[in-house]
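This report refers to the structure that appears directly beneath it.
The values are calculated or read from the model by the stated rules, or taken from the named source; none is laboratory data. These numbers were taken from a predicted model, which means no experiment stands behind them. Ideal geometry is used to build each Cβ from the backbone, glycine not excepted, and the neighbour counts take in all protein chains shown. Each accessible area value is taken on the protein alone, full model and side chains, heavy atoms only, with ligands, DNA and RNA left out. Shrake-Rupley method; radii C 1.70, N 1.55, O 1.52, S 1.80 Å.
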Amino acid sequence: MRKGLWYGLLFTAPAILGFVIFTLGPMIASLVLSLTDFNVFKDQTSFVGFSNYARLFSGEDELFYQSLGVTFYFVVLRVPAVIIISFAIALLLNMNVKGRAMFRTIIYLPSIVPAIASAMIWMWLMNPDLGLLNSMLSWLHLPTSNWLYAEGSVIPSVVLTTLWGIGSTVIIFLAGLSGIPQSYYEAIEVDGGGWYSKLRQITIPMVTPTLFFNTIMTIIGSFQVFNEAYILTQGGPNNRSLFYVFYLWRTGFRDTEMGYASALAWILFVIIMVFTYIIFKTSKSWVYYEGGERP
């Protein structure tokens, strides 16, 4: 028994050490730094307690609330769009049609394209003067848009660019759909039910555990959006795409206020934890498990 324990610790040691060194350690360090005025270019660092957090919530830093509002708006738009579109595509790809494997590959490929390459493609597509999207709208005699360059359309435009990489979410939905026994659909057919009855009574209830997982991961990923702001908009125009993580990065690495940036990071951690907790608590009313288990 003791020998087996030592072998178990030996094989799990790389993962445990990696977590402690690269995740837990930096988290503890950032918590300590958030209570200081640490600045890369300052000779001395002073303990300031909760002054950084007071500065955040007092309204002294207007960009804090601006970045929060922008990020929440992005989350509200992106999460339903990703979930609904991914689920619809997964339903189509789950059908027994010719070339199904090829279509699955095509859907997944954009999710592995490097972020810089994807951003450059979208910057060209959404160029107000020479972009393909406005050219197509003009050809169809429809109103054009300034896309990433207008305050009102920048967030929906960024959401559109992120839908390019939903292939991994689609694959996870496909895994959930493939686990539904075919006999359930045959029973519905015997009772005279059509596609809507299958979808409402079998598919959706049986895929709720997968929906639960994808919802949590999409919410977390949406709150942590950074590449799009950094590459596409730089927070503009007029800070209308100043996403929270981009503001955190700018505070820490451009303005070198590492203590204040650490406080920003911990606020984001708490926000994500609250949303995750809410999803877990409400899942009892909408997530179905065959064995009766609950998350």
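Is there a residue in segment 274-286 that is part of a loop (DSSP other than H, G, I, E, B) and either open to solvent by less than 60 Å² (accessible area, probe 1.4 Å) or at pLDDT 90 or above (or both)?
Step one: filter segment 274-286 for residues part of a loop (DSSP other than H, G, I, E, B), giving 286.
Still in the running and either open to solvent by less than 60 Å² (accessible area, probe 1.4 Å) or at pLDDT 90 or above (or both): 286.
Checking segment 274-286: at least one residue is part of a loop (DSSP other than H, G, I, E, B) and either open to solvent by less than 60 Å² (accessible area, probe 1.4 Å) or at pLDDT 90 or above (or both).
Residues Leu232, Leu199: which one is assigned to a helix (DSSP H, G or I) and more than 18 Å from the chain's Cα centre (by Cα)?
Values: Leu232 fails: more than 18 Å from the chain's Cα centre (by Cα).
Answer to the check: Leu199.
Condition first: within 30 Å of Tyr277 (Cα to Cα) and either among the β-branched types (Val, Ile, Thr) or surrounded by fewer than 16 Cβ atoms within 10 Å (Cβ to Cβ) (or both). Now tell me which residues in segment 222-236 satisfy that. It would help to see each step written out before you state the result.
Filtering segment 222-236 for residues within 30 Å of Tyr277 (Cα to Cα) gives 222-230, 235.
Answer for segment 222-236, where residues must be within 30 Å of Tyr277 (Cα to Cα) and either among the β-branched types (Val, Ile, Thr) or surrounded by fewer than 16 Cβ atoms within 10 Å (Cβ to Cβ) (or both): Gln224, Val225, Phe226.
Might you check whether a residue that is among the acidic types (Asp, Glu), at pLDDT below 95 and either touching a strand residue (DSSP E or B) at 6+ places or on another chain (Cβ under 8 Å) or outside any helix (DSSP H, G or I) (or both) occurs anywhere in segment 239-261?
Quick first cut of segment 239-261, residues among the acidic types (Asp, Glu) only: 255, 257.
Cutting the leftovers down to at pLDDT below 95 gives us 255, 257.
Now narrow it down to the ones that are either touching a strand residue (DSSP E or B) at 6+ places or on another chain (Cβ under 8 Å) or outside any helix (DSSP H, G or I) (or both): 255, 257.
Yes, segment 239-261 has at least one match.
Filter segment 122-132 down to the residues that are assigned to a helix (DSSP H, G or I) and in contact (Cβ under 8 Å) with a residue 24 or more places away in the chain, then identify the one that is surrounded by the fewest Cβ atoms within 10 Å (Cβ to Cβ).
Ranking the candidates gives Met123 first.
Is it fair to say Phe22 is touching a Leu at 6+ places or on another chain (Cβ under 9 Å), part of a helix (DSSP H, G or I) and aromatic (Phe, Trp, Tyr)? Steps first, answer last, please.
Numbers: touching a Leu at 6+ places or on another chain (Cβ under 9 Å): no; part of a helix (DSSP H, G or I): yes; aromatic (Phe, Trp, Tyr): yes.
It is false that Phe22 is touching a Leu at 6+ places or on another chain (Cβ under 9 Å), part of a helix (DSSP H, G or I) and aromatic (Phe, Trp, Tyr).
Does at least one position in segment 161-171 carry a residue that is surrounded by fewer than 16 Cβ atoms within 10 Å (Cβ to Cβ), in contact (Cβ under 8 Å) with a residue 24 or more places away in the chain and under 23 Å from Asn239 (Cα atoms)?
The answer is yes; a qualifying residue exists.
Given the structure, is Phe246 within 21 Å of the chain's Cα centre (by Cα) and open to solvent by less than 30 Å² (accessible area, probe 1.4 Å)?
Against the criterion (within 21 Å of the chain's Cα centre (by Cα) and open to solvent by less than 30 Å² (accessible area, probe 1.4 Å)), Phe246 qualifies.
When you scan segment 99-118, how many residues do you find that are in contact with a Gly (Cβ under 8 Å, 6 or more places away or on another chain), open to solvent by 70 Å² or more (accessible area, probe 1.4 Å) and touching a residue at least 60 places away in the same chain (Cβ under 8 Å)?
1
Which of (1) of a type outside the set (Ser, Thr, Tyr); (2) surrounded by 18 or more Cβ atoms within 10 Å (Cβ to Cβ); (3) within 16 Å of the chain's Cα centre (by Cα); (4) more than 19 Å from Ala119 (Cα to Cα) does Leu174 not meet, given it meets every other one?
Here Leu174 meets the rest and fails (3).
Considering segment 138-151 alone, what residues qualify as being more than 15 Å from Gly236 (Cβ to Cβ) and open to solvent by less than 40 Å² (accessible area, probe 1.4 Å)?
Of everything in segment 138-151, just one residue is more than 15 Å from Gly236 (Cβ to Cβ) and open to solvent by less than 40 Å² (accessible area, probe 1.4 Å), namely Ser145.
Residues of segment 261-273 being without any contact (Cβ under 8 Å) to a residue 40 or more places away in the chain and open to solvent by less than 30 Å² (accessible area, probe 1.4 Å), which ones?
Of everything in segment 261-273, just one residue is without any contact (Cβ under 8 Å) to a residue 40 or more places away in the chain and open to solvent by less than 30 Å² (accessible area, probe 1.4 Å), namely Ala261.
Looking at (1) open to solvent by less than 50 Å² (accessible area, probe 1.4 Å); (2) of a type in the set (D, E, K, R); (3) touching a Leu at 6+ places or on another chain (Cβ under 8 Å), can you tell me which one Asp61 breaks?
Of the numbered conditions (1) open to solvent by less than 50 Å² (accessible area, probe 1.4 Å); (2) of a type in the set (D, E, K, R); (3) touching a Leu at 6+ places or on another chain (Cβ under 8 Å), the odd one out for Asp61 is (3).
Between a residue in segment 136-159 that is within 15 Å of Leu125 (Cα to Cα) and any residue that is exposed (fewer than 13 other Cβ atoms within 10 Å of the Cβ) and of a type in the set (Ser, Thr, Tyr), which pairs come within a Cβ distance under 9 Å, given they are 6 or more apart or on different chains?
Thr144/Ser138
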